[in-house]
1. Can you name every residue in region B:88-106 that is open to solvent by 20 Å² or more (accessible area, probe 1.4 Å) and under 17 Å from the mean Cα position of the chain (by Cα)?
2. Is it fair to say A:Gly152 is part of a helix (DSSP H, G or I), open to solvent by 20 Å² or more (accessible area, probe 1.4 Å) and closer than 23 Å to A:Leu5 by Cβ?
3. Any residue in region B:83-93 that is in a loop (DSSP other than H, G, I, E, B), touching a Lys or Arg at 6+ places or on another chain (Cβ under 7 Å) and within 14 Å of chain A (Cβ to nearest Cβ)?
4. Which one of B:Val16, B:Val51 is away from chain A (no Cβ under 11 Å) and β-branched (Val, Ile, Thr)?
5. With the requirement that a residue be among the hydrophobic types (A, V, I, L, M, F, W, C) and either in the same structural domain as A:His162 (by TED's automatic domain parsing) or free of Cβ contacts under 8 Å to residues at least 40 places away in the same chain (or both), what does region A:224-234 give you?
6. Can you tell me which of (1) of a type outside the set (Phe, Trp, Tyr); (2) in contact with a helix residue (DSSP H, G or I) (Cβ under 6 Å, 6 or more places away or on another chain); (3) more than 23 Å from B:Met59 (Cα to Cα) is the one A:Glu294 doesn't meet?
7. Would you pick out the residues in region B:54-71 that are within 11 Å of chain A (Cβ to nearest Cβ), buried (at least 19 other Cβ atoms within 10 Å of the Cβ) and within 18 Å of the chain's Cα centre (by Cα)?
8. Restricting to region A:333-350, and then to whatever is open to solvent by 30 Å² or more (accessible area, probe 1.4 Å) and within 16 Å of A:Thr257 (Cα to Cα), can you tell me which residue is farthest from the other protein chains (Cβ to nearest Cβ)?
Amino acid sequence: MAKVLMKGNEALAESCLRAGCRFFSGYPITPQTEILEYLCWRMDEVGGKCVQTESELAGVNMLLGAAAGGMRALTTTSGPGFSLKQEGISYLCGSDLPAVIVDVQRIGDALGDIFMGQGDYWQLTRGGGHGDYRTIVLAPESVQESVDLAYGAFDLAEKYRHPVLIATDATIGQMIEPVELPEMKEHDIDTYDWALKPREEGEPQRAIWNRYWDWEDGGHKYPAYCLEKYGKMEAEEQRWESVQADDAEIVMVAYGTSARVAKSAIVRARKEGIKLGLIRPITLWPFPKKAFDELGGQVKAILDVERNILGQMKDDVILATGNKLPVEFYGEYWDNMSEIKIVEIAKEMLSKY
Amino acid sequence: MIEIICSGIGGQGVLVAGMVLADIAMEDGKNVSWYPSYGFEMRGGAANCEVKIGDEDLMSPYCLEPDILLTMSESAIDTFEERLKPGGVLLVNSSLVSKDRKYRDDIKVFKVPATEIANELDNHRGTNIIMLGALAGASDLYDEDHVRAGMEHYFGKKGKNNPKNVEAFNAGVEAAQAQK
């Protein structure tokens, strides 16, 4: 199929439709609004429903209803709106419901601002809702990868009967790049026997509620069920890309747009003879610990590169390296990440370690 | 890697000028990213897009040292001139910029009275295309015939090719080449 130029947000929306998503409910917020705007007209063409809800709370709870009915359902938001979705995400996890939730990240606490940022790593990977859950978090670095990951996200959600989060950012959402779109698929809402549907006479009642209420043992096996489910995700779903990490003395860890800047930094650094490499997590959770097992003894230190103030991913990097290597952090808030600064920091680190 | 920033005032068509260049790059089989200013932007406010074109794998979408700066307002020059690579091309819509303005002496400046040319051609919305033609005529990185064909292809795909575009484009090429 020929490539077309598409904005990240719109390409992601189109890819979800092509994956068989026929329900969207959400609320506009910059830099995510184009997803809603696009689906408002495009969903009609494929025979689905797109609802601009009165709030993010309604958006995530309507999504829960559609997912309970067996539909492939999507909601999308950014920063402040993602906070409002958290209760719903906890309910999706507690109810074993597959769905896809996209956070087009921006900067700041509270209202923050509409600018580019990677401020939600902790909330994405730790879960901002109550309880005892995890979610797979996919983090694309380009418009094409937004399409590819979104297309597979619904399968992944159904494989585990669990919500999947996609963490893009303002740059990827607003950017236009050439993209190849996948084939259109239809999803049968009767694919799974757990999905709710009108009851025929004599049929047992189906309900979607806390999952262990379905079980005859009163839910005593629920902890083991959870451990097995999350353990399987950790074992099977770690994804990453390693870039020139084989001989690198300083290895960056960066995802999303920051990984793009990190790749430019590698080109600059290597021209100066500095052995810089990159591990790019594609799943933020499960964090790709396996990528760090592959690192050789030549690595002197790790540089965590993120567009935020506190270096939210740094703890995961320290855990993944077994605290055996020094880990430093480079971040920006108002300004774009700079490959020039990365190279300067790498030089300093080489003189130190 | 080629870096281009197109900057001006919302409504002048700077984002479209950048999109034509992005489309040409895609049709040439290159990697390209087009990243706009967004959010607060509106007709009459500042607007810009950063276009990065390369053969390599995916790289940063941010332009650190643009090769070409296409500006359509004085404020655009204020914001971006400093970033232009030494030896780079600065395209100025001289209709809207003070004649006494001083520019860096290590860059190539092309002054194109795009707004006036557009008025002469009775094509008021064509200033961006005039500037695009000027870019093709001014920069050694581009061949004017290739850009003209690329522009027609871009608008053709959208189903709205207007013969006035070519006229405007050619006027821009001429204005730039007269200064070479």
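The values are calculated or read from the model by the stated rules, or taken from the named source; none is laboratory data. Remember, predicted model here, so these are calculated numbers, not experimental data. Neighbour counts are summed over all protein chains in view; Cβ atoms, including those assigned to glycine, are modelled from backbone coordinates with ideal geometry. Accessible surface areas use protein heavy atoms only, side chains included; no ligands, DNA or RNA. Shrake-Rupley method; radii C 1.70, N 1.55, O 1.52, S 1.80 Å.
1. Result: B:Ser94, B:Ser95, B:Leu96.
2. yes
3. no
4. None of the others qualify; the one that does is B:Val16.
5. Those that are among the hydrophobic types (A, V, I, L, M, F, W, C) and either in the same structural domain as A:His162 (by TED's automatic domain parsing) or free of Cβ contacts under 8 Å to residues at least 40 places away in the same chain (or both): A:Ala224, A:Leu227.
6. Every condition holds for A:Glu294 apart from (2).
7. Matches in region B:54-71: B:Pro61, B:Tyr62, B:Cys63.
8. A:Tyr333
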